[in-house]
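I have placed the structure first, in the form of structure tokens, so that the comments after it can refer back to it.
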Amino acid sequence: MLVDVHAFAIGQLVMWRFSSEAPCESDIEKSKIAVPNPDITAYGNLAKQYLDEAGLWDKMMAEKRIILVGNAPQAVVAAKGSAAEIAFIPLSMAIKAGGNYTPLSGMTVDQVGGLTIRANEEVRKFWIFCRSERSFPIWTKWGFLSPDNTK
């Protein structure tokens, strides 16, 4: 059982490719894309939502231009290995993977955590730090928004 449950950061979905040029939203319609499984991943669910809202999910699935992978790291591998041209992944992963990306407006997910009732004092202090203003520069560096500056 978790206690003291809070959103500590906000993750952002991006379109990413392993090249010197960032993908444009217009590139989606003509590309093969890698998407984490939307049934089991938050970022895959966001990608499906984005593509549904654009009227592309069903069309691209029928045309076999969406490669469903298990998770975001597998989407990176698919794009790096040329099985897909664009991957839908978290910004935090795009920063680490290199290449270029385009953020997708409004496509965010709360990063939520908490403590177990057995958490010791050091764990409790770290959890407080993770939610403090002192941690915001670290979250920002790795592509996250703070819960206070997203809307």
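The values are calculated or read from the model by the stated rules, or taken from the named source; none is laboratory data. Small disclaimer: the values here were computed from a predicted structure and weren't measured. Positions of Cβ are backbone-derived with ideal geometry, glycine not excepted, and every protein chain shown enters the neighbour counts. Areas reflect the complete protein model, heavy atoms only, side chains present, ligands, DNA and RNA absent. Shrake-Rupley method; radii C 1.70, N 1.55, O 1.52, S 1.80 Å.
Some observations on this one:
- Cβ-defined net charge surrounding Gly113, 11 Å radius [Lys, Arg +1; Asp, Glu -1]: -1
- Whole-percent carbon and sulfur share, accessible surface of the chain, 1.4 Å: 54
- Å² of accessible area per residue within the stretch 33-78, as computed with a 1.4 Å probe and no ligands counted: 49
- Among beta bridges that DSSP assigns inside the chain, antiparallel share in %, nearest 5: 75
- Averaging 1/r across all pairs of distinct Cα atoms in the stretch 1-43 and inverting the result yields a Kirkwood radius of 13.7 Å.
- Kirkwood hydrodynamic radius of the stretch 88-148, Cα pairs, Å: 13.5
- Computed helical MRE - 222 nm, the chain, DSSP H runs ≥ 4 contributing -39500 (n - 2.57), nearest 500: -9000 deg cm²/dmol
- A viscosity of 1.306 mPa s and a temperature of 10 °C, combined with the Kirkwood radius over C-alpha pairs in the Stokes-Einstein formula, give the stretch 1-104 a diffusion coefficient of 115 µm²/s.
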